[in-house]
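The values are calculated or read from the model by the stated rules, or taken from the named source; none is laboratory data. The model shown is predicted, which means the values in this text are computed figures rather than measured ones. Here the Cβ positions follow ideal geometry from the backbone for every residue, glycine too, while neighbour counts run over all protein chains shown. Note: accessible area is taken over every heavy atom of the protein model, side chains too, but ligands, DNA and RNA are not part of it. Shrake-Rupley method; radii C 1.70, N 1.55, O 1.52, S 1.80 Å.
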Amino acid sequence: MVSFPPCKINLGLHIIRKRADGFHDLETCFYPVPWTDILEVIPSDSLSFTSSGIAIPGNAEDNLCLKAYKLLKSDFDLAPVNIHLHKIIPTGAGLGGGSSDAAHTIRLLNIVFKLNLTVDTMMNYAAKLGSDCAFFIQDKPMMGTGRGEILKEFPLSLRGKFMVLIKPNVHVSTAEAYAGISPRQPETELQHILERQELSGWKNSLKNNFEESVFHKYPVIASVKEYLYNHGAIYASMSGSGASVFGIFEKEITLNIPSEYTSWSGLLP
Ligand SMILES: C[C@@](CO)(OP(=O)(O)O)[C@H](O)COP(=O)(O)OP(=O)(O)OC[C@H]1O[C@@H](n2ccc(N)nc2=O)[C@H](O)[C@@H]1O
Ligand SMILES: Nc1ncnc2c1ncn2[C@@H]1O[C@H](COP(=O)(O)OP(=O)(O)O)[C@@H](O)[C@H]1O
C-alpha cells in the first residue's frame, strides 16, 4: 500500500520557554502542504527498508520509518514488511519531512494490519518519534502547543492561494536552532493573531522566532525571504527551524530560482 506523506509549514512560531526535559514549549500553527514523499509498505518474509530519491542523512537503520514500525511492533504482533521511501521533501528544511514519513508509516501499518487504532492512539505513538510527528496523523491545519505534540484543529484555510517554497542549499539542524534561541513569552498569543488578522496583515504581526538567530548565521535564508516579498508575496516566512522559506501569493507566479536551490510551488488545495 502506498501513501504520499506531505510536508508542513509553520504559520507563526513562538518559542516560549525551555523545559526541564530539555525541550521547549512553543505555539505554532502547522499547515499541510502537498509537496510529498512517496511511501510504500508491503507485507514480506523479512523486515527491510530501502529508499530512493534524494539522500537521507544518517544510517538506514535509524530511519524514522523503521523506528515507527519497531514502535508498533513492540505492542502488536506485526508480520515483517518491506518499506520503500522515495524521498522528495528536502531534509534539514524545517518542513517535517521525516516526521511525516514516520506518521504515515503508522497510518499505513494501521490499515495493512487492520489494527483499528484510533486517531488519538496513532497520535500518541507518533509523538514518541518526534515533537511534530503527531500533526501528520491527520494532515489538517492544527494549533500546536507543548513541544508541538498537543494539537487542536484550527479553522484556517489558504485554499486557492499560490504557495512557493524555496530551500537554499544550507542545512539547519533543529537541535542547533533551538540551542541558538532565547525563549520568551509572546506579547500576543498566536491564536489571537491568526483569529483577528487577515492574511494581508500577517507581514507585520506573524513571526517565526527562529528567524533572527538563523538569519544571522545563514544570511542567504533571509535573502530568499526578501526575494519572495520583492516578487509580490502577501506573506513570507522561514518554516520551522529553517532552511526553507515559503511565500504565499494571491495568484500563480513563475520565479527565477537558482538551480542549486530546491523548490516547490503550487495552488493550495
Ligand atoms: C522546529 C520545528 C517546528 O515545527 O520544526 P522543524 O524545523 O524541525 O521542521 C519542531 O519543533 C521540531 O520538531 P521535531 O523535528 O519533531 O523535533 P524532535 O525530533 O522532537 O527534536 C529534535 C531536537 O530539537 C529540540 N526541540 C524540539 C522540539 C521542541 N519543542 N523543543 C526542542 O528543544 C531538542 O533539542 C530535540 O532534541
Ligand atoms: N524518513 C526520513 N526522512 C528525512 N529525514 C529523516 C528520515 N528519517 C530520519 N531522518 C533524520 O531526521 C533529520 C531531520 O529530518 P527532517 O524531518 O526532514 O527535517 P526537519 O526537522 O528540518 O523538518 C534528517 O537529517 C535525518 O538524519
Any hit, the stretch 72-90, residues being under 24 Å from ILE9 (Cβ atoms) and among the basic types (Lys, Arg): yes
Pairs with Cβ under 8 Å, 6+ apart, first in the stretch 96-122 and without any contact (Cβ under 8 Å) to a residue 24 or more places away in the chain, second more than 15 Å from ligand 2 (Cβ to nearest atom) and among the charged types (D, E, K, R): none
So SER173, is it among the small types (Gly, Ala, Ser), open to solvent by less than 80 Å² (accessible area, probe 1.4 Å) and within 16 Å of ligand 2 (Cβ to nearest atom): yes
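Yes/no per residue for (1) among the aromatic types (Phe, Trp, Tyr); (2) assigned by TED's automatic domain parsing to the domain that holds THR91; (3) within 16 Å of ligand 1 (Cβ to nearest atom):
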{"site": "TYR229", "(1), (2), (3)": "yes, no, no"}
{"site": "TYR235", "(1), (2), (3)": "yes, no, no"}
{"site": "SER239", "(1), (2), (3)": "no, no, yes"}
{"site": "SER244", "(1), (2), (3)": "no, no, yes"}
{"site": "PHE249", "(1), (2), (3)": "yes, no, no"}
{"site": "ILE253", "(1), (2), (3)": "no, no, no"}
{"site": "SER259", "(1), (2), (3)": "no, no, no"}
{"site": "SER263", "(1), (2), (3)": "no, no, no"}
Some residue of the stretch 119-133 being away from ligand 1 (no atom under 13 Å from the Cβ), within 17 Å of the chain's Cα centre (by Cα), among the acidic types (Asp, Glu) and open to solvent by 70 Å² or more (accessible area, probe 1.4 Å): no
Any chance ALA222 is touching a Phe, Trp or Tyr at 6+ places or on another chain (Cβ under 6 Å) and over 17 Å from GLY92 (Cα atoms): no
For TYR178: the one exception among (1) within 14 Å of ligand 2 (Cβ to nearest atom); (2) within 30 Å of HIS231 (Cα to Cα): (2)
Residues (open to solvent by less than 10 Å² (accessible area, probe 1.4 Å) and in contact with a Phe, Trp or Tyr (Cβ under 8 Å, 6 or more places away or on another chain)) located in the stretch 242-255: GLY242, ALA243, GLY247, ILE248, PHE249
Test: residue in the stretch 15-29 that is farther than 30 Å from LYS203 by Cα, modelled with pLDDT of 95 or more and near ligand 2 (Cβ under 9 Å from one of its atoms): no
